[in-house]
Amino acid sequence: MSKLIVQKVQTHTDGSIKDHQYGIGDVGLVLEILRNKLYKDPILAVVREYVTNARDAHVEVGKADVPVVVHLPSYDSMYFKVQDFGPGLSPERIEKIFCNYASSTKRNSDDQVGYFGIGSKSAFAYSDSFTITSVVDGKIRTYTSYIDESRRGKISCLYESDTDLPNGTTIIIPVKKYDQDRFLDKLKFVTEFWSVRPNVFRDGEELQVPYANERTVFSGTDWKLARNQDYDTRGTYAIMGGIPYAIDISNQFESHPARNFFSYSCIRINFNNSDLSLAASRDSLHYDVRTVKAIKDKLDSIIDEINARISEQISQESSYRDALIKYNESLDAVPELSKIIGNITYDSNPVYRNPKISMFGNNSRLTWYSKVVMSNGFEDIKTKTVNYKNPGAEADFANILSRKDTVIIFNDSSLSDLKKYALSLFNESRILNNVVILTIADNAEMASSHKYCWFAEEICFAKISEITPEKVTRQINRKTLSDKQNLFVYKFDASSSRADRGRSLVEVSPSETVAYFLFDLKTNQPVSLSENVFSCIKDLEAALGLKIFAVATSKADKIPSNWKHIDEAVNAKFDHIMNQYNLSSLQEYFDCMAIREKVEHYNVGVFKEIFEAQMKNSNFIASYLNKVQSAKDKFSSIWRDSALRDLARHVNKYQYVDRSSVANTEGYDFNIFLNSLIKHYPMLKFFPVTLYANEEDIRRVNDYVDMLDKSNTDTHACVRMPLCA
């Protein structure tokens, strides 16, 4: 199909009417209008016309997969150059096609972009002259094209000779000051959607063009919905021959039902070069009847395709609950689709967008039971009720269902005492953090007859009537402390400044395995334990993987058999970890930690940097450094084990350990080593081995050490060495 649609008109006369044919009075003026008045953006026109002409030249000779070459202007090279490796411009082609307006070789080809025969002269819209270099069959010719006094323009051959260069054409256009960056911006815009982008250079070096590389979030037949951070490129664009043309939705398609969707979303639609008409300047689309119809048909087909795709995806889900999650996740990922999606159903039931508790009416509510970790590290259950007045995420069923740690339960019996059902589910699954119970009416009869009862049954994990409630020890008020039937369990808040250390009663299931210690309520002190245990409870819980509670001394005989005293639990865990590290005693662990304080000292690190070159030798320095490195390799995992550290503190009854006095660490003590080092290498006392040194000083001091090692002497007299100078 021809890209340029020319309407043929037939006229019939009886010959009695005299005809007059239109002509051009001032050809120079008309050509000046074509050059200077045609293009809204001369730089965009120059870039678009010459890089697309270069690409078309490659298509013409079967090199569509070979990139054209573009040289962008800079302050040191103020020109824009485009080079192709197509057929080149022969003298005949220069004379009959290149020099003439409205002459083109592309009108009957849908694979090439141009067809008006104007673009090759677009350089005149920006500059009064430009250069063409063409290689054709072993001949290279250089032409200059310029505006002469007639205003019509001329092209002159300046140079011709034989060459072994491949065929092709190079266009060079001088660039005005301060326009350098604009050429890069226009090149990026023009070639963003090319499958084979040009090779771009600036000042002789290859340049990586910062393309947007739009991310496709939804696509269909010959179109895509993309993500682009550039606000200027939002909207719907027709892509023809890789060139984007903005579709004027607001003015040309203002009555379209999806006008907002196409105006504010990044929609890219691919058209064949012959599908739409372009303005003569090729800056924009020309909205004739044919173009408007083609675009409208495509917009309608996109809407139909999106709805069909969403419906198909929803229908493939295994349940209504999954369909609701899938539908809302899809629209959350691509919010723009919400503007155009019709009614979606699953098994004849409507699938809602962000359904909330308010759909059930004023008597409905969601009761949230959530696990929370308090400031002292203990886990508790927090309760919150959400009703129709709450518009947030906690009232949104799609949001709740999408959470992996949350389940919704339907209160089909309209019960009010619900916590025991939530606790039952928490005990069944450790991954649950939230149990949400949906109540839609004040009694069971009203709930079963509610018009959205089907929705509640579809989205909920289970019904209250199907769950066996958990039996738990109730939290008891302090006034009932004399009740012999209750075991009182306490937790503490280490951050509290209260005299009772933030003590509070808690509910604990007797079947749960916990660690405990006895607590004297009268003295407010732990029994047979250091009071430092209060500040370490959180760390010990993390190390043991158990909750730690205090039991009143009066209730010691009520402690479940599966509960472990804190000393027993800590000792067992400590011995287990010690065995993993092949440590035999608490003292050996303290020795290990003391070594850490020695070898990780700042001075040791600086010393190693200075004498790193000595590591490969067998001298006194290498012996110490290798010993330090060996300790790091052997003990680093022990040093990093915070659980072992916290357990050891408890095993040692929170007594202070002076690790610096441990005898087994003397071989790692830097100060002791430094004194011995000076005896081996006396002149080192003049070198600040514990401070920063430059490369030259480091080289000198290592040369000194090497010299003494070679001479095998223990003393050294200063004889104007560079180190001492």
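The values are calculated or read from the model by the stated rules, or taken from the named source; none is laboratory data. Please read all numbers here as calculations on a predicted model, not as lab measurements. Here the Cβ is made from the backbone with ideal geometry for all residues, glycine too, and neighbour counts use every protein chain on show.
So if I check each of Arg282, Arg309, Arg290, which one is in a loop (DSSP other than H, G, I, E, B), touching a residue at least 40 places away in the same chain (Cβ under 8 Å) and of a type in the set (Lys, Arg)? Testing whether each residue is in a loop (DSSP other than H, G, I, E, B), touching a residue at least 40 places away in the same chain (Cβ under 8 Å) and of a type in the set (Lys, Arg) leaves just Arg282. If the condition is being hydroxyl-bearing (Ser, Thr, Tyr) and not in a helix (DSSP H, G or I), then the range 412-468 contributes Ser413, Ser414, Ser416, Ser429, Thr439, Tyr452, Thr468.
Here's the yes/no breakdown for (1) modelled with pLDDT under 80; (2) among the basic types (Lys, Arg); (3) within 19 Å of Tyr681 (Cα to Cα):
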| site | (1), (2), (3) |
| --- | --- |
| Glu588 | no, no, no |
| Cys592 | no, no, no |
| Glu600 | yes, no, no |
| Glu609 | yes, no, yes |
| Ile621 | no, no, yes |
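Any idea which residue in the range 163-198 is nearest to Ser284 (Cα to Cα), counting only those that are in contact with a Leu (Cβ under 9 Å, 6 or more places away or on another chain) and of a type in the set (S, T, N, Q)? Here the residue is Gln180.
Set side by side, the residues Asn260, Asn251, Asn273 differ, and just one is in a loop (DSSP other than H, G, I, E, B) and not aliphatic (A, V, I, L, M), which is Asn273. Only one of the numbered conditions (1) out of contact with any helix residue (DSSP H, G or I) (no Cβ under 8 Å at 6 or more places or on another chain); (2) modelled with pLDDT of 90 or more; (3) among the small types (Gly, Ala, Ser) is violated by Ser429, and that is (2). Residue under question is Asn582, and the condition is that it be in contact with an Asp or Glu (Cβ under 9 Å, 6 or more places away or on another chain) and at pLDDT 85 or above; does it hold? Taking the combined requirement at face value, the residue does not satisfy it.
The residues of the range 582-614 that are assigned to a loop (DSSP other than H, G, I, E, B) and surrounded by fewer than 16 Cβ atoms within 10 Å (Cβ to Cβ), listed by number, are Asn582, Ser584, Ser585, Glu600.
The residues in the range 527-560 that are touching an Asp or Glu at 6+ places or on another chain (Cβ under 7 Å) and touching a residue at least 60 places away in the same chain (Cβ under 8 Å) can be counted, and the count is 5. Quick one: would you say Phe201 is among the hydrophobic types (A, V, I, L, M, F, W, C), in a helix (DSSP H, G or I) and more than 26 Å from Ile295 (Cα to Cα)? Spelling it out, it is not the case that Phe201 is among the hydrophobic types (A, V, I, L, M, F, W, C), in a helix (DSSP H, G or I) and more than 26 Å from Ile295 (Cα to Cα). Residues that are among the polar types (S, T, N, Q) and touching a helix residue (DSSP H, G or I) at 6+ places or on another chain (Cβ under 9 Å) were ranked within the range 260-290; the one that is nearest to Phe218 (Cα to Cα) is Ser265.
The lone criterion from (1) surrounded by fewer than 17 Cβ atoms within 10 Å (Cβ to Cβ); (2) modelled with pLDDT of 95 or more; (3) under 19 Å from Phe193 (Cβ atoms) left unmet by Lys296 is number (3).
Cβ separations smaller than 8 Å between residues 6+ apart or across chains give the following pairs from the range 624-643 residues that are assigned by TED's automatic domain parsing to the domain that holds Gln614 and buried (at least 16 other Cβ atoms within 10 Å of the Cβ) to residues that are assigned to a helix (DSSP H, G or I) and among the hydroxyl-bearing types (Ser, Thr, Tyr): Val628/Tyr668; Ala631/Tyr668; Ile638/Tyr589. Of a type outside the set (D, E, K, R) and either touching a residue at least 24 places away in the same chain (Cβ under 8 Å) or surrounded by 16 or more Cβ atoms within 10 Å (Cβ to Cβ) (or both): is that true of Pro244 in this structure? Criteria met by Pro244.
Out of curiosity, is Glu541 in contact with a Lys or Arg (Cβ under 7 Å, 6 or more places away or on another chain), part of a helix (DSSP H, G or I) and either assigned by TED's automatic domain parsing to the domain that holds Asn427 or at pLDDT 75 or above (or both)? Taking the combined requirement at face value, the residue satisfies it.
Taking the range 50-80 as the range and being of a type in the set (D, E, K, R) and either within 37 Å of the chain's Cα centre (by Cα) or not assigned by TED's automatic domain parsing to the domain that holds Asp137 (or both) as the test, the residues that pass are Arg55, Asp65. Being at pLDDT below 90 and out of contact with any Leu (no Cβ under 9 Å at 6 or more places or on another chain) holds for only one residue in Thr523, Thr553, and it is Thr523.
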